[in-house]
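Visitor: Just passing along the structure, written as structure tokens.
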Amino acid sequence: MPDYTYLIVGGGMTAAAALEGIGESDAAETIGLIAAETQRPYNRPPLSKGLWKGKPLESIWRKIDDRRVTLHLGRAARQLDIAKQRVTDDQGTTYGYQKLLLATGGSPRRLMFGGEEILYYRTFGDYQRLREWADADQHFAVIGGGFIGSEVAAALAASGKRVTMVFPEAGIGGRIFPRDLSDFVNDYYRQKQVEVISETMISGLEVRSGKRVLKLRDAHDQGERELTVDRVVAGIGIRPNVELAQQAGLEVKNGIVVDRSLRTSQADIYAAGDVANFYNPLLDQQMRVEHEDNANTMGRMAGQAMAGQHVNYDHLPFFYSDLFDLGYEAVGETDSRLDIVADWQDQFKKGVIYYLRERRVRGVLLWNVWEQVDAARKLIAEPGPFDANALKGRLPV
Ligand code: NAD
């Protein structure tokens, strides 16, 4: 039986960062990693951004020291025995550990229909499949107006494909962007030749004469119509992979609950990344974050904690995205339902959006404004009260 000092379940960015964290702390111990994907750990953001703009494929792989880490790829961990400190995978192999990290991430939410005809875009395998489709096919439906939907639609359109986006909100990124900005983004995508069908749900899919026929249902009048395309890609959110933790009796509440040292309710088991539910002192609330900075920073700290260092994960992670030539960074609670103060230097092209609750800044969106994330975090730490006058010009645009 393979027996490791440190065992990591999961092979994503969080796991790769944890290896770095362990590596820095303790050079003598044994490390094992079990991952369902057959690829070595890679950076996920380029799958929907850089790789479609000419970034070389080789650049996505994370550096892992094979002399120190044993990779068990293409295996899903199925059972966790807390008392015996063992994990068993889907091929029946059992692994021992002294410290365990659950970096199991999330799985795409799926529609009730369509089966394999819909590509729920998340992994390197999905990237390869979409590339093959893009080489052969012309018209793509992209379901979802969130991160995956907006980035994949832009990538396909920039590759000369005909793209139709369908999503339930009024505008692209509507859960984050205020309504006027979201309307602008709809128009901007339309200018880039993307057909944008908002406030619309998908209610079925059929394959007819080699094409995919989607049934669309208008959210207002419930009227139905059909959309015929070559291929269908979707990003309709993820669910955290908590099954292993749940079955083992760890505390799970919208993710695996961890304390500030990234320990779960079991002292020798840690969790980090998309799957972890943690307390953020700046916002004074529990959070679960599905973005790169959180995966890397939290993963690294989990590795350090496993290797015996004292850590406090009090980091407020930022996130970013590219929408054709527009780009942004954001931090905190960026929920379009909060009170919003927009400070535009050039409307919808360059500016700062402040998100407030009870006159306190909870989040900041830096729209084509760079290197202000730390300043935004400091502002979130301030007690306020703030109003539009106090905030305009507060962060340099
Ligand atoms: P998301 O939550 O960003 O967006 C989900 C979208 O799907 C929303 O528009 C939502 O309304 C729509 N949707 C939900 N149910 C639907 C349904 N039944 N029919 C049609 N549309 C529906 O999730 P995502 O885009 O799938 O991204 C997955 C994860 O990957 C997220 O956690 C995201 O944070 C992460 N990600 C992050 C980045 C980034 O940080 N730039 C980029 C890509 C992905």
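The values are calculated or read from the model by the stated rules, or taken from the named source; none is laboratory data. Every value quoted in this text rests on a predicted model; they were computed, and no experiment measured them. Heads up, the Cβs are rebuilt from the backbone with ideal geometry, glycines too, and the neighbour counts pull from every protein chain shown. Surface areas here come from the heavy atoms of the whole protein model, side chains and all, with no ligands, DNA or RNA. Shrake-Rupley method; radii C 1.70, N 1.55, O 1.52, S 1.80 Å.
Visitor: Tell me, which strands (runs of 3 or more DSSP E) wholly within the range 1-93 include 3 or more residues that are of a type in the set (Ser, Thr, Tyr)?
Guide: By residue number, 3-9.
Visitor: Does any residue in the range 186-208 that is under 19 Å from ARG110 (Cα atoms) come within less than 6 Å, Cβ to Cβ, of a residue that is open to solvent by 70 Å² or more (accessible area, probe 1.4 Å) and in a strand (DSSP E or B) six or more places away or on a different chain, and which pairs are these?
Guide: Note: pairs meeting the criteria are MET201/ARG217; SER203/LYS215; SER203/ARG217; GLY204/LYS215.
Visitor: Please go through the range 120-162 and give me each residue that is in a strand (DSSP E or B), away from the ligand (no atom under 16 Å from the Cβ) and hydroxyl-bearing (Ser, Thr, Tyr), ordered by number.
Guide: Correct list: empty.
Visitor: Between residues in the range 218-231 that are closer than 14 Å to ILE118 by Cα and assigned by TED's automatic domain parsing to the domain that holds VAL163 and residues that are of a type outside the set (A, V, I, L, M) and at pLDDT below 95, which pairs lie under 6 Å by C-beta distance while being six or more apart or on different chains?
Guide: That search, which allows pairs on different chains as well, returns nothing.
Visitor: Can you say whether MET165 is surrounded by fewer than 19 Cβ atoms within 10 Å (Cβ to Cβ), under 22 Å from LEU205 (Cα atoms) and within 15 Å of the ligand (Cβ to nearest atom), as far as the supplied structure shows?
Guide: No: the conditions fail for MET165.
Visitor: Can you name every residue in the range 324-337 that is surrounded by 19 or more Cβ atoms within 10 Å (Cβ to Cβ) and not acidic (Asp, Glu)?
Guide: If the condition is that a residue be surrounded by 19 or more Cβ atoms within 10 Å (Cβ to Cβ) and not acidic (Asp, Glu), then TYR328, ALA330, VAL331, GLY332, THR334, SER336 are the ones that fit.
Visitor: Then there's this: Looking only at the range 279-319, which residues are open to solvent by 10 Å² or more (accessible area, probe 1.4 Å), under 19 Å from THR5 (Cβ atoms) and either within 16 Å of the ligand (Cβ to nearest atom) or of a type in the set (Ser, Thr, Tyr) (or both)?
Guide: none
Conditions (1) within 15 Å of the ligand (Cβ to nearest atom); (2) closer than 30 Å to ALA36 by Cα; (3) modelled with pLDDT of 95 or more, marked per residue:
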position	(1), (2), (3)
GLY114	yes, yes, yes
VAL185	yes, no, yes
TYR189	yes, no, yes
SER198	yes, no, yes
ARG208	no, no, yes
GLY223	no, no, no
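Visitor: Okay, moving on. From the residues in the range 168-183 that are closer than 20 Å to ASP325 by Cβ and among the acidic types (Asp, Glu), which one is farthest from the ligand (Cβ to nearest atom)?
Guide: ASP180
Visitor: So ARG75 clears everything in (1) within 30 Å of THR297 (Cβ to Cβ); (2) out of contact with any helix residue (DSSP H, G or I) (no Cβ under 8 Å at 6 or more places or on another chain); (3) within 11 Å of the ligand (Cβ to nearest atom) except one condition, right? Which one?
Guide: Going through (1) within 30 Å of THR297 (Cβ to Cβ); (2) out of contact with any helix residue (DSSP H, G or I) (no Cβ under 8 Å at 6 or more places or on another chain); (3) within 11 Å of the ligand (Cβ to nearest atom) one by one, ARG75 breaks only (3).
Visitor: Taking the range 11-36 only, how many residues are over 13 Å from ARG68 (Cβ atoms), open to solvent by 10 Å² or more (accessible area, probe 1.4 Å) and out of contact with any helix residue (DSSP H, G or I) (no Cβ under 7 Å at 6 or more places or on another chain)?
Guide: So the count comes out to 2.
Visitor: Could you run through the range 361-383 and say how many residues are loosely packed, with under 15 Cβ neighbours inside 10 Å and in contact (Cβ under 8 Å) with a residue 24 or more places away in the chain?
Guide: 2
Visitor: Residues that are under 21 Å from the mean Cα position of the chain (by Cα) and farther than 21 Å from ALA157 by Cα: find the strands (runs of 3 or more DSSP E) completely inside the range 176-264 holding 2 or more of those.
Guide: Result: 238-240.
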